[in-house]
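Student: This structure is in structure tokens; I'll ask about it shortly.
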Amino acid sequence: MCGIIGFTGKQPALPFLLQGLSRLEYRGYDSAGVTLVNSKALRTWKTKGRLSELEKLLSKDLAESCGIGHTRWATHGVPSNMNAHPHMNEEGTISVVHNGIVENYQELREELREEGYIFHSETDSEVIVQLLDFYYRKNPVMKEALAKTVKRLEGSYAICVTSIFEPDTIYVSKKESPMVLGQSKEGTFCASDAPAFLEYTREILPLQDGQSAILNAGSLEVFDASGKQIEPRWIHFPYDVQAAQKGGYDSFMLKEIHEQPSVIRETLRGRFRGTKTVLPMIDQMNVRWDRIDQTVFIACGTAYHACIYANLLYQKYTGKVSWVIPASEFRYCSPNVNEHTLCIFVSQSGETADTLAAIKLAKAKGCVTISVVNVLGSSISRMTDAVLYTAAGPEIAVASTKAYTTQLVLLHVLVLKLAEMYGIKVKGKSRLISDLKRLPEVTEQVLGQEEKMKELAGMLIDQRDAYFIGRQLDYPTALEGALKLKEISYVHADAYYAGELKHGPIALIEKDTVVTAMATQPEVASKTVSNIRETIARGARVILITGENMPAEEFEYVVRIPEISPELAAIPSAVLLQMFAYYGAKEKGCDIDKPRNLAKSVTVE
Ligand code: F6R
């Protein structure tokens, strides 16, 4: 949820910390802080607000070559100067930044209070620095003190520690919150995410749960949970720093919308041989596919919408029993799942706490698990029996765009693969595969309608509400269009099955209400058209998204997607709705990449 960075080298640390924090601001941005360390003192600056507020407090000529930094998304305690990280011990000799949640922080606080410790913030994180102080006083060896501290923490953490006792050294430890390390000629880095230091190296070391590390200017040692030094396992980060920056667009969101043709192409690369799907991870699974009697699709937010789409496809292609549920509900619905259940989890970040909790439950019940994830080496990717990666690259904007469409594409391939594993023939498969391969080009054509979507988004300027409707495979698109619009423009937006309008929601339609309708599914398009007429009769202005050959002459605002199999129309339609939301938000002057109250990676339940 928060972004953390550490740097130790032979040159001033501050520029590295600030640059890293600016790349991590997508992880949270309600307060920011840094500590710089030298042998005499720790110097800490922190403030409520964006990184730019912190920069105003800092002079440019700070020479310390070791430091840590943090950008926060509040979970315990309001955004405030006091609650901002880093947190220090009473004497100001140890400084800590933390990402995650310490679930037992109240108990630990009580215990430490009895030892005479005073707490200054409302955060769960402050107990970490006080515990470190406590153990360090008993035995002044920081590695040991950190090991003892993390043993006491319940919950999740990625922690960086600096102290005046070893002014060139950073200690780190992690469990269930991400932490990557890197080394370059400039120095040694740790961060919540690789783009924080990608400028300097693309060789990264994702720390695993329970591991810790000691960073110095020219050295990096990694330890397992028992404290034994281990051989680091480096991976090559497949994207350059450009991929993690705006590349000339107004915002990350717009850049990411435009990246869709290429990331869809990457996601599909090598996935087919003739009419067979190529997903070796699935072939290698030790599963009796004939014994799978139900499949559950589980995720949160946008990824949950991708699951709704996949669930519909799965039922259509395999005729087998399946259902879909938000990860936050799965644990509490007493799911009747067992070793004959296949659970498919979808996540961009691979760190979403609700999804992680759902995986733990599915595994405890013996289910077969597959994940569709974007972030390499993330927690979710490591927990399931098999993982398939979307190739969306770093998604920085809080509102998910390219991760969504690549999820739809990869889930489509996965559903086709599962049909093969069950020995089920999917009708029209070769056409589907050739259309899947055409998607990059189709998406490119749809992006050509940007001006039109911008113009249509102008309708939203005076609107408090907007509605999205669709049937069948158009329904997840309606949900996603509404989510995109509400999260970045703050226009209240709802999605309905088109056929459900008349059962209640139509009461909300009045003169000039903006309704976006999808009618890309030939089997039900004429029914949706009837529902559109019903809303127009009540004064609505309807934007209709439909296929090339669908009759739509009677409607004023029509946007056509290129000819494609109806099963794939959700992808170009989603791209149109992303642009609609983007320009709606821009028109209203919203901070598109950093919508209020949201964070990119939701690592709390
Ligand atoms: C919306 C959005 C969120 C995420 C959700 C799950 O634009 O991005 O709804 O989709 O928080 O996140 P991941 O996919 O990282 O598990």
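The values are calculated or read from the model by the stated rules, or taken from the named source; none is laboratory data. Here the structure is a predicted model, which means the values were calculated and not measured. Using ideal geometry, Cβ is built from the backbone for each residue, glycine included, and neighbour counts are taken over all protein chains shown.
Student: Pull out all pairs, ordered by first then second residue, where Cβ-Cβ is under 6 Å, the residues are six or more apart or on different chains, the first lies in region 389-403 and is of a type in the set (S, T, N, Q), and the second is within 10 Å of the ligand (Cβ to nearest atom).
Tutor: Close Cβ pairs (under 6 Å, with a partner that is within 10 Å of the ligand (Cβ to nearest atom)) amount to THR390/ASN374; THR390/GLN407; SER400/THR302; SER400/GLN348; THR401/GLN578.
Student: Under the condition of being more than 17 Å from GLU176 (Cβ to Cβ) and not in a loop (DSSP other than H, G, I, E, B), which residue from region 370-386 is nearest to the ligand (Cβ to nearest atom)?
Tutor: Among those that are more than 17 Å from GLU176 (Cβ to Cβ) and not in a loop (DSSP other than H, G, I, E, B), it is VAL372.
Student: Got a sec? Which of PRO440, PRO394 is modelled with pLDDT under 95 and either away from the ligand (no atom under 11 Å from the Cβ) or more than 22 Å from THR477 (Cα to Cα) (or both)?
Tutor: The match here is PRO394.
Student: Right, something else. Limited to region 429-465, what total is found for residues that are of a type in the set (Lys, Arg) and touching a Gly at 6+ places or on another chain (Cβ under 9 Å)? Lay out the reasoning, then the answer.
Tutor: Step one: filter region 429-465 for residues of a type in the set (Lys, Arg), giving 429, 431, 437-438, 452, 454, 464.
Now narrow it down to the ones that are touching a Gly at 6+ places or on another chain (Cβ under 9 Å): none.
So the count comes out to 0.
Student: Which residues, taken from region 397-413, are within 16 Å of the ligand (Cβ to nearest atom) and part of a helix (DSSP H, G or I)? Quick ask: steps written out before the conclusion?
Tutor: Within region 397-413, the first condition is being within 16 Å of the ligand (Cβ to nearest atom), and the residues that meet it are 397-411.
Those that are within 16 Å of the ligand (Cβ to nearest atom) and part of a helix (DSSP H, G or I): LYS402, ALA403, TYR404, THR405, THR406, GLN407, LEU408, VAL409, LEU410, LEU411.
Student: Here's something else I'd like to know. Might you let me know whether region 186-194 holds any residue that is over 16 Å from GLY67 (Cα atoms), surrounded by fewer than 16 Cβ atoms within 10 Å (Cβ to Cβ) and not aliphatic (A, V, I, L, M)?
Tutor: Restricting attention to region 186-194, the residues satisfying the condition of being over 16 Å from GLY67 (Cα atoms) are 193-194.
Those still in the list that are surrounded by fewer than 16 Cβ atoms within 10 Å (Cβ to Cβ) too: none.
No: zero hits.
Student: Hey, another quick one. Condition check: out of contact with any strand residue (DSSP E or B) (no Cβ under 9 Å at 6 or more places or on another chain), surrounded by 20 or more Cβ atoms within 10 Å (Cβ to Cβ) and either farther than 25 Å from ARG50 by Cα or in the same structural domain as GLY49 (by TED's automatic domain parsing) (or both). Does PHE119 satisfy that?
Tutor: Working: out of contact with any strand residue (DSSP E or B) (no Cβ under 9 Å at 6 or more places or on another chain): yes; surrounded by 20 or more Cβ atoms within 10 Å (Cβ to Cβ): no; either farther than 25 Å from ARG50 by Cα or in the same structural domain as GLY49 (by TED's automatic domain parsing) (or both): yes.
Considered against the rule, which asks whether it is out of contact with any strand residue (DSSP E or B) (no Cβ under 9 Å at 6 or more places or on another chain), surrounded by 20 or more Cβ atoms within 10 Å (Cβ to Cβ) and either farther than 25 Å from ARG50 by Cα or in the same structural domain as GLY49 (by TED's automatic domain parsing) (or both), PHE119 comes out as no.
Student: Here is a follow-up. For region 302-327, give me each residue that is more than 22 Å from LEU485 (Cβ to Cβ), in contact with a helix residue (DSSP H, G or I) (Cβ under 8 Å, 6 or more places away or on another chain) and of a type in the set (S, T, N, Q).
Tutor: THR318, SER322, listed by residue number.
Student: Quick one: ALA357 ticks every box in (1) away from the ligand (no atom under 14 Å from the Cβ); (2) surrounded by fewer than 21 Cβ atoms within 10 Å (Cβ to Cβ) bar one, so which box is it?
Tutor: With respect to (1) away from the ligand (no atom under 14 Å from the Cβ); (2) surrounded by fewer than 21 Cβ atoms within 10 Å (Cβ to Cβ), ALA357 is out only on (1).
Student: Here's something else I'd like to know. Of these, GLU556, GLU523, GLU510, GLU548, which one is surrounded by fewer than 16 Cβ atoms within 10 Å (Cβ to Cβ), farther than 24 Å from ALA403 by Cβ and touching an Asp or Glu at 6+ places or on another chain (Cβ under 6 Å)? Spell out the reasoning first.
Tutor: Details: GLU556 fails: touching an Asp or Glu at 6+ places or on another chain (Cβ under 6 Å); GLU523 fails: touching an Asp or Glu at 6+ places or on another chain (Cβ under 6 Å); GLU510 fails: touching an Asp or Glu at 6+ places or on another chain (Cβ under 6 Å).
Exactly one of GLU556, GLU523, GLU510, GLU548 is surrounded by fewer than 16 Cβ atoms within 10 Å (Cβ to Cβ), farther than 24 Å from ALA403 by Cβ and touching an Asp or Glu at 6+ places or on another chain (Cβ under 6 Å), namely GLU548.
Student: Scan region 163-181 residue by residue and report those that are in contact with a Cys (Cβ under 8 Å, 6 or more places away or on another chain) and within 16 Å of LYS10 (Cα to Cα).
Tutor: Answer for region 163-181, where residues must be in contact with a Cys (Cβ under 8 Å, 6 or more places away or on another chain) and within 16 Å of LYS10 (Cα to Cα): PRO167, ASP168, THR169, ILE170.
Student: Right, THR71: touching a residue at least 40 places away in the same chain (Cβ under 8 Å), polar (S, T, N, Q) and either crowded, with 21+ Cβ neighbours inside 10 Å or not assigned by TED's automatic domain parsing to the domain that holds ARG109 (or both) or not? Break it down into steps so the answer makes sense when it comes.
Tutor: On the way: touching a residue at least 40 places away in the same chain (Cβ under 8 Å): yes; polar (S, T, N, Q): yes; either crowded, with 21+ Cβ neighbours inside 10 Å or not assigned by TED's automatic domain parsing to the domain that holds ARG109 (or both): yes.
Taking the combined requirement at face value, the residue satisfies it.
Student: Let me ask something additional. How about region 550-566: which of its residues are in a loop (DSSP other than H, G, I, E, B), touching a strand residue (DSSP E or B) at 6+ places or on another chain (Cβ under 6 Å) and over 19 Å from GLU523 (Cα atoms)?
Tutor: PHE555
Student: Exactly one of (1) closer than 23 Å to LEU220 by Cβ; (2) surrounded by fewer than 16 Cβ atoms within 10 Å (Cβ to Cβ); (3) among the polar types (S, T, N, Q) is unmet by ASN104. Its number?
Tutor: (1) is the only condition that ASN104 fails.
Student: Assuming VAL222 fulfils every condition listed in (1) assigned by TED's automatic domain parsing to the domain that holds THR401; (2) away from the ligand (no atom under 16 Å from the Cβ); (3) not in a helix (DSSP H, G or I) apart from one, which condition is it?
Tutor: (1)
Student: Any residue in region 578-605 that's more than 12 Å from SER251 (Cβ to Cβ): show its pairings with residues that are more than 14 Å from the ligand (Cβ to nearest atom) and in a loop (DSSP other than H, G, I, E, B) at Cβ separation under 6 Å, as long as the two are six or more apart or on different chains.
Tutor: Short answer, once both residue conditions are applied: GLU587/ILE461; VAL604/THR75.
Student: Quick check, is SER430 in the same structural domain as SER371 (by TED's automatic domain parsing), more than 30 Å from the chain's Cα centre (by Cα) and either part of a helix (DSSP H, G or I) or crowded, with 20+ Cβ neighbours inside 10 Å (or both)?
Tutor: It is true that SER430 is in the same structural domain as SER371 (by TED's automatic domain parsing), more than 30 Å from the chain's Cα centre (by Cα) and either part of a helix (DSSP H, G or I) or crowded, with 20+ Cβ neighbours inside 10 Å (or both).
Student: Sticking with this one: Looking at (1) away from the ligand (no atom under 16 Å from the Cβ); (2) buried (at least 24 other Cβ atoms within 10 Å of the Cβ); (3) in a loop (DSSP other than H, G, I, E, B), find the lone condition where PRO572 falls short.
Tutor: (3)
Student: Can you tell me which residue within region 318-332, out of those that are among the hydroxyl-bearing types (Ser, Thr, Tyr) and over 15 Å from CYS367 (Cα atoms), is farthest from the chain's Cα centre (by Cα)? If you could, list the steps in order and put the result at the bottom.
Tutor: The initial filter retains those residues of region 318-332 that are among the hydroxyl-bearing types (Ser, Thr, Tyr), namely 318, 322, 328, 332.
The next check asks that each one be over 15 Å from CYS367 (Cα atoms); those that pass are 318, 328, 332.
Details: THR318: 30, SER328: 15, TYR332: 23 Å.
My answer is THR318.
Student: From the residues in region 532-545 that are within 35 Å of the chain's Cα centre (by Cα) and not in a loop (DSSP other than H, G, I, E, B), which one is surrounded by the most Cβ atoms within 10 Å (Cβ to Cβ)?
Tutor: ILE545
Student: Next up: Can you find a residue that is under 24 Å from LEU447 (Cα atoms), touching a residue at least 24 places away in the same chain (Cβ under 8 Å) and among the hydroxyl-bearing types (Ser, Thr, Tyr) anywhere in region 519-526?
Tutor: So in region 519-526, the residues under 24 Å from LEU447 (Cα atoms) come out as 519-522, 525.
When the remaining residues are screened for being touching a residue at least 24 places away in the same chain (Cβ under 8 Å), the result is 519-522, 525.
When the remaining residues are screened for being among the hydroxyl-bearing types (Ser, Thr, Tyr), the result is 520.
Yes, region 519-526 has at least one match.
Matching residues to (1) more than 16 Å from the ligand (Cβ to nearest atom); (2) within 22 Å of ALA403 (Cβ to Cβ); (3) at pLDDT 95 or above:
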residue: ILE561; (1), (2), (3): yes, yes, yes
residue: PRO566; (1), (2), (3): yes, no, yes
residue: ALA585; (1), (2), (3): no, yes, yes
residue: ASN597; (1), (2), (3): no, yes, no
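Student: I'd like the residue in region 313-347 that is surrounded by 21 or more Cβ atoms within 10 Å (Cβ to Cβ) and over 30 Å from LYS427 (Cα atoms) and, out of all such residues, is farthest from the ligand (Cβ to nearest atom).
Tutor: PRO335
Student: Continuing with this model, one more query. For residues that are in contact with a strand residue (DSSP E or B) (Cβ under 7 Å, 6 or more places away or on another chain) and charged (D, E, K, R), scanning just region 54-93, find the one that is farthest from SER219 (Cα to Cα).
Tutor: Result: ARG72.
Student: Given the criteria assigned to a helix (DSSP H, G or I), more than 27 Å from ILE433 (Cα to Cα) and within 23 Å of the chain's Cα centre (by Cα), does LYS586 qualify?
Tutor: So LYS586 fits the description; yes.
Student: Any idea which of ILE292, ILE308, ILE298 is modelled with pLDDT of 95 or more, more than 14 Å from the chain's Cα centre (by Cα) and under 28 Å from ILE101 (Cα atoms)?
Tutor: So the residue among ILE292, ILE308, ILE298 that is modelled with pLDDT of 95 or more, more than 14 Å from the chain's Cα centre (by Cα) and under 28 Å from ILE101 (Cα atoms) is ILE298.
Student: State which residue is farthest from the ligand (Cβ to nearest atom) when the search covers only region 297-310 and only residues that are farther than 12 Å from LEU418 by Cβ and touching a strand residue (DSSP E or B) at 6+ places or on another chain (Cβ under 8 Å).
Tutor: ILE308
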